[in-house]
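What follows is one structure encoded as structure tokens, with my remarks underneath.
Just so you know, all these numbers are worked out from the coordinates, no wet-lab data involved. Model, not experiment: these values are computed from the prediction. Cβ placement follows ideal geometry from the backbone for every residue including glycine, while neighbour counts extend to all protein chains displayed.
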Amino acid sequence: MTLALSLTILVLIGISVWQIAKIFELSQAKKENTQVANDEDNQFNGKLMFAFLLFIYGITLFSFWKWGDVLLPAPASEHGTDYDNLMWISFAIIFFVQTITQALLHYFAYKYRGKKGQKALFYADNDRLEAIWTIIPVITLAGLILYGLYTWTDIMSLEENEDALVVELYAQQFNWKARYAGQDGVLGDANVRFLQDFDGRNLVGIDATDPNGLDDVVVQELHLPVGREVQFKMRSQDVLHSAYMPFFRAQMNCVPGMITEFAFTPNKTTEEMRTLPEVVAKVKKINKIRAANSKELVAKGEEALEPYVFDYLLLCNKICGASHYNMQMKIVVETPEEFEKWMTEQQTFAQVIQ
Amino acid sequence: MSTVAAHVEEEDHGHHHKETFITKYVFSQDHKMIAKQYLITGLFMGIIGIAMSLLFRLQLAWPEQPFGIFEVLLGKWAPDGVMDPNVYLALVTIHGTIMVFFVLTAGLSGTFSNLLIPLQIGARDMASGLLNMISFWLFFLSSVIMVASLFVEAGPAAAGWTIYPPLSALPQAQPGSGMGMTLWLVSMAIFIASSLLGSLNYIVTVLNLRTKGMTMTRLPLTIWAFFVTAIIGVVSFPVLLSAALLLIMDRSFGTSFFLSDIFIQGEVLHYQGGSPVLYEHLFWFLGHPEVYIVLLPALGITSEIIATNARKPIFGYRAMVASILAIAFLSTIVWGHHMFISGMNPFLGSVFTFTTLLIAIPSAVKAFNYITTLWKGNLQMNPAMLFSIGLVSTFITGGLTGIILGDSTLDINVHDTYFVVAHFHLVMGISALYGLFAGVYHWFPKMFGRMMNKNLGYVHFWVTAVAAYGVFFPMHFIGMAGLPRRYYTNTAFPYFDDLANINVVITVFALIAGAAQLVFLYNFIHSMFYGKEAEQNPWRSNTLEWTAPVEHMHGNWPGAIPHVHRWAYDYSKPGQEEDFVPQHIPLKEGEEELQH
């Protein structure tokens, strides 16, 4: 039934657009028929150009007013603030240029709309003008490039750090696992060849003959201590994945056959994040939406949605197959004491394969 | 075809070969007919590509809701009318492939390079009519194969239009990586062959067949754009071909170019020592120049149309040519900005950030020069002019966010989110589509001898312009919020619940934009048969194509080819009666040619 109905609707829409177009065409066919713009068209479209400028400004303001709160979530890593600063500076420049150039473009289109008998100015070149608008972008971009590269090097350079926590992120269709190096601080060798050992209990393919691996800890929920650098080693067992942690301004692809790296220092615990006014407001807003959706579901006889509680997330951000959209892992950032306590509760690889 | 060039110099060349229906309309070697064939095939593919985007937009706005239209079009892939996740991925993949390659490369460049290169440089035809014909038919064949891949048992390719291995290499990884992917690769290999034949032909024609007086510095900017685009294509498409061939080897002959250490579906595979990162390098070595292969012809078309309709010379002709050349050069050394977080050495990221942000400079020059061309003009608001101004607007809006994405640091958090989707759709998708529309409205009289209806053109433009911003402006927001692209739905993350209503807004605008294209389609088809008959030079333009008769003929001009005496932009030149002086008019006594 829905099939026939929607097919009919589709056909009707098609026919009506066609017919409207036809009527429209017939209605003005008699008046004048060169199909080249005349003064009336220039007037009308010139004014619409100006209106369109207002539309662009309008949709910009509207979007920021209505959806401004969804932009970049609060940063939760040490380099996050640097990242955000660079982002807002770039944005400021972009907005400035966008506002001015769109204004000039559309205003000129409005102001100089054609009239019969009017002649355009023969103005083909001006080297000085062109030099100016070559040099200004050069200077601006030089600044942005230097600032960007400085921040980039800062974020991406992985320095030896005895105190750093080494964690392996392990990706597979369609879930994440994490491996901690254990007491010795060294991750044991691993390869997909070992995945079938120990009846599938060797979840990330640790080489059981490597003593460094025996105290490794493999988990399905990522726990991180606050204030300590975390050095991630990323692996994938099947296809490309990307470990995306938006709150920490962190992302790195997981590539089968190689180990990729990324490091950051979380600076807010999950609990601290939950009390940030910005996050509180966001959670409240989401729960309002969820409550409304629940009402509809309950009316249909389905289960209501659980209320949302803030948690850090690890998402997959490289297309990896059917359930790509649901490949996630919860991240818990906690105090070092809580972290140590949690760690002692986990089983080491040696214990798992016993 | 040198024989044509040789004998058409004679007056009565038309009688030399009798044309049958087949040689005139099907296996034609005439560049004007081939241009029309490209356009119509491109438009047909465009309808498929755009329709697909509307389908997955429905899913994104109302996730996992049943739609009758899904049942009709997707059949078993939409059980009870709910779209399957694999189908969603297939739709975004084929949408991207079709729009980028089949519509905006072949449909745009193929149409207008073919139509305009011989006509604007004053040549009887392309250097090789035969290769030109083969080029079109290879394109047609690749289109047929791509469309056929939609109907295979396990569905078409679904690994994203970039088809990164291992996802695209292993049928175990997703159903679309089976037969569908094989057809995708075969289709693209043929497409590349077609594109190379076309490009070589364009390059040779521009270099060798210009009429007397048509120096390189008198070439219209359209020709410069097509010429440079063809060079980029020749440089970069073969690299994609090699990537595709290596991928075919990995898929079918057990080699390990891109694969290593893989465990999938409970099985360790034998591949050792390959790297998907290598594929990414090869892919983007074409993939990024491809952006300019799509965009430069649109900018060339815009330059011509803005100058003609502003009744003013294009401002800074030399700078425009220089920036086309600069963009072309830079486009081949920036591919790594798609790979900042691919696992390649971060130092490479620094280098690519540097080269990438440099592209902003020639781009800015172009934008400012367009704006200055409008200044103190006498703007004739024909539909083609509106689309050209619209192009400059979306080129600016979309281009500016490139400053964020091209910065390796900022890319970390917005990489592969909807922010990227918004950026490239505005700067290359919408801009190039506007270029295509502008070109169709402007050269329709040249192609079909009839005018398109201007008022329908206005409706088409204004609805599209509003809807395009309505679709892609809000999309930046969901991207900045961290929503990854290629997600079947965002309901798996309660954190994204507040983005649902933005997705509805986007989809509503997308549907409106889609409906507006029906107006264009009506106007196009109807005008082809019933449009008002065109005058020889309806837009009062300077370029040579308007000196050729309305009625198409083999060899383009009856009698001798006009000679060229000036550049293409003598609009509103002081001391002239009319506000345009076509290129073939000799300089008046005492008139100076502008030193440009």
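Values for this structure:
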read-out: Region A:120-173 and region A:295-342: distance between their alpha carbon centers, rounded to Å; value: 34 Å
read-out: Inter-part distance where region B:153-209 and region B:334-382 are each reduced to a Cα centre, Å; value: 27 Å
read-out: Dipole magnitude of region B:31-547 about its Cα centre (Cβ charges: Lys, Arg +1; Asp, Glu -1), debye to nearest 20; value: 2220 debye
read-out: Stretchable slack from B:PHE329 to B:GLU578, in nm (0.36 nm times residue separation minus alpha-carbon distance); value: 85.7 nm
read-out: Difference of contour (0.36 nm per residue) and Cα-Cα distance, A:LEU276 to A:LYS300; value: 5.1 nm
read-out: Whole-number D in µm²/s for the protein assembly as shown (Stokes-Einstein; Kirkwood sum over Cα pairs; 4 °C, 1.567 mPa s); value: 44 µm²/s
read-out: Distance between region B:101-141 and region A:204-230 - C-alpha centres, whole angstrom; value: 59 Å
read-out: For chain B: relative contact order, % (alpha-carbon pairs under 8 angstrom, 6 or more apart); value: 16 percent
read-out: Region B:224-285: projected area of the alpha-carbon convex hull, averaged over directions, in nm²; value: 4.9 nm²
read-out: Dimensionless Rg/Rh of chain A - Kirkwood Rh, Rg from C-alpha atoms; value: 1.12
read-out: Sorted largest first, extent of chain B alpha carbons per principal axis (Å); value: 82, 51, 50
read-out: Residue pairs, from the table A:LYS177/A:LYS318; A:LYS119/B:LYS312; A:LYS115/B:LYS446; A:LYS233/A:LYS341, whose Cα atoms sit over 19 Å apart; value: A:LYS115/B:LYS446; A:LYS233/A:LYS341
read-out: At 0.890 mPa s and 25 °C, Stokes D of region B:461-510 from Kirkwood alpha-carbon radius, µm² per second; value: 214 µm²/s
read-out: Amide H partners (placed H, <5 Å) of B:THR417, local residues excluded; value: B:ARG485
read-out: Relative contact order, percent, chain A [alpha-carbon distance under 8 Å, six or more residues apart]; value: 17 percent
read-out: Most positive-pole-ward Cα, A:ASN161, A:VAL352, A:ALA178, against dipole of chain A from beta carbon charges; value: A:ALA178
read-out: If the convex hull is drawn through the Cα atoms of region B:106-220, its volume per residue in Å³; value: 100 Å³
read-out: Relative exposure of A:HIS223, A:HIS106, judged by other C-beta atoms within 10 Å (fewest first); value: A:HIS223, A:HIS106
read-out: Relative counts (whole %) of C-alpha pair distances in region A:272-324, using bins that are 5 Å wide; value: 4, 18, 16, 13, 16, 19, 12, 1
read-out: Cβ charges +1 (Lys, Arg) and -1 (Asp, Glu), total dipole of the protein assembly as shown, debye; value: 3740 debye
read-out: Local net charge near B:GLU64, Cβ-Cβ under 13 Å (Lys/Arg +1, Asp/Glu -1); value: -3
read-out: Formal net charge of residues neighbouring B:TRP77 (Cβ-Cβ distance under 12 Å; K, R +1; D, E -1); value: -3
read-out: Listed residues B:PHE136, B:PHE424, B:ALA326: farthest to the positive end of the dipole of the protein assembly as shown (Cβ charges); value: B:PHE136
read-out: Spherically averaged projected area of region B:464-596 from its Cα convex hull (nm²); value: 14.8 nm²
read-out: Cα centre as origin, Lys/Arg/Asp/Glu Cβ charges: chain A dipole, Debye; value: 2820 debye
read-out: DSSP H segments from chain B that extend 15 Å or more along their own axis, Cα-based, with Kyte-Doolittle mean of 1.6 or above; value: B:129-148, B:221-253, B:317-331, B:383-405
